[in-house]
Amino acid sequence: MDASKQIVYPCCHCSNETPHSLILQHEAKHLYEQILEDRYHEPFEYFIYGCGTCNGLTVLGGFSHELHGDPTTYKRLFPTGPTLLPPGHMLPGSGSPVPSKIIHVYEEAWPLRQKAPSAFVNQIRRALEFVCQDQNANGNTLAQQLQDLAASNVLPATVADLAKQLRHAGNQGSHADEQEIDIWDAELVDHLFRMVIEYVYLIPAKVKRLEDRLSYKKAT
């Protein structure tokens, strides 16, 4: 499959949306699925692009039958960027275990991580509010809602503590009289928020996927 020689794409290294030039295109055959002793391999396409601003590399691609049309719609393989979800084969059924509203807020906020760290952590606080709403947390404030999620074991104590730190960072990024948030603070906030998403949504989905696979093997 031929990809465009040049695309306009958001760079995860410099956070600019710039022209990217195709540097290398490569095809391999990777394991797509295994059911009992049957192993299914499919062509997998890699497209390496270079950013026109910082020369940072971005790798796009996927299995050939999943790639259609515009290369900017292909999955970003490196850097991971704003992708919250693991590969599809690790999730049960179709659809996303993470609510679309949370994914949308995170993907919109992610480019701000380097450009405007305070704005980024503020939006992560907003995404955390959506997590609490989705989990039907009780409380009039985000702090109370996080306490409720911890009390109901939706979040264990350690994850609840890091969620509180996300709330504090979001508050700090919202007020002019607070200490400035920098890109390193934003990087930590990003990592910790991903841990919250992993625990609340992705671990249960991965457990369900493993249960489904083991049940299928036992039945055949």
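Within the range 112-138, how many residues turn out to be touching a helix residue (DSSP H, G or I) at 6+ places or on another chain (Cβ under 7 Å), in a loop (DSSP other than H, G, I, E, B) and not polar (S, T, N, Q)?
1
Just to check your reading of the model, which residue among ARG39, ARG76 is assigned to a strand (DSSP E or B), among the basic types (Lys, Arg) and surrounded by 16 or more Cβ atoms within 10 Å (Cβ to Cβ)?
Numbers: ARG39 fails: surrounded by 16 or more Cβ atoms within 10 Å (Cβ to Cβ).
Step by step, each of ARG39, ARG76 is checked, and only ARG76 is assigned to a strand (DSSP E or B), among the basic types (Lys, Arg) and surrounded by 16 or more Cβ atoms within 10 Å (Cβ to Cβ).
Kindly provide the set of residues from the range 79-99 that are outside any helix (DSSP H, G or I) and aliphatic (A, V, I, L, M), ordered by number.
Just the residues of the range 79-99 that are outside any helix (DSSP H, G or I), to begin with: 79-87, 91-99.
LEU84, LEU85, LEU91, VAL98, listed by residue number.
Under the condition of being open to solvent by 60 Å² or more (accessible area, probe 1.4 Å) and not acidic (Asp, Glu), which residue from the range 53-66 is farthest from GLY88 (Cα to Cα)? Don't jump to the end; show me each part of the working.
First, pick out the residues of the range 53-66 that are open to solvent by 60 Å² or more (accessible area, probe 1.4 Å): 53, 55, 57, 65-66.
From the residues that got through so far, the ones that are not acidic (Asp, Glu) too are 53, 55, 57, 65.
Numbers: THR53: 32, ASN55: 30, LEU57: 24, HIS65: 14 Å.
Only one residue tops the list, namely THR53.
Where residues in the range 1-53 are within 22 Å of the chain's Cα centre (by Cα) and of a type in the set (Asp, Glu), which of them is nearest to PHE63 (Cα to Cα)?
GLU45
Which residues, counting only those in the range 1-30, are among the small types (Gly, Ala, Ser) and modelled with pLDDT of 90 or more? Spell out the reasoning first.
Filtering the range 1-30 for residues among the small types (Gly, Ala, Ser) gives 3-4, 15, 21, 28.
Within the range 1-30, SER21, ALA28 qualify.
Residues being surrounded by 18 or more Cβ atoms within 10 Å (Cβ to Cβ) and hydroxyl-bearing (Ser, Thr, Tyr): count how many of those fall in the range 79-106.
Result for the range 79-106: 1.
May I ask you to say which residue of LEU214, LEU188, LEU192 is at pLDDT below 90, under 18 Å from the mean Cα position of the chain (by Cα) and open to solvent by 70 Å² or more (accessible area, probe 1.4 Å)?
On the way: LEU214 fails: under 18 Å from the mean Cα position of the chain (by Cα); LEU192 fails: open to solvent by 70 Å² or more (accessible area, probe 1.4 Å).
Unique residue meeting the criteria: LEU188.
Cβ-Cβ below 6 Å, separation at least six or inter-chain, first residue in the range 10-23 and part of a strand (DSSP E or B), second β-branched (Val, Ile, Thr): which pairs?
THR18/THR53; PRO19/VAL8; HIS20/ILE7; ILE23/ILE48
I'd like the residue in the range 26-36 that is in contact (Cβ under 8 Å) with a residue 40 or more places away in the chain and aliphatic (A, V, I, L, M) and, out of all such residues, is surrounded by the most Cβ atoms within 10 Å (Cβ to Cβ).
Taking the candidates together, the pick is ILE35.
State whether one or more residues within the range 153-162 are modelled with pLDDT under 85, within 30 Å of CYS54 (Cβ to Cβ) and either of a type in the set (A, V, I, L, M, F, W, C) or not in a helix (DSSP H, G or I) (or both). Before you say what the answer is, go through the steps one by one.
Step one: filter the range 153-162 for residues modelled with pLDDT under 85, giving 155-162.
Cutting the leftovers down to within 30 Å of CYS54 (Cβ to Cβ) gives us none.
Within the range 153-162, not a single residue is modelled with pLDDT under 85, within 30 Å of CYS54 (Cβ to Cβ) and either of a type in the set (A, V, I, L, M, F, W, C) or not in a helix (DSSP H, G or I) (or both).
Give the range 201-219 a look and list any residue that's without any contact (Cβ under 8 Å) to a residue 60 or more places away in the chain and farther than 29 Å from ASP134 by Cα, or say none. Explain how you work it out, then say what you get.
Just the residues of the range 201-219 that are without any contact (Cβ under 8 Å) to a residue 60 or more places away in the chain, to begin with: 203, 207, 210-211, 213-215, 218-219.
Listed by number, the residues that qualify are LEU214, SER215, LYS218, ALA219.
The values are calculated or read from the model by the stated rules, or taken from the named source; none is laboratory data. Bear in mind that the values here come from a model prediction, so they are computed numbers and not experimental data. Cβ sites come from the backbone with ideal geometry, for glycine too, and all protein chains shown count toward neighbours. All accessible areas refer to the heavy atoms of the entire protein, side chains included, with ligands and DNA or RNA removed. Shrake-Rupley method; radii C 1.70, N 1.55, O 1.52, S 1.80 Å.
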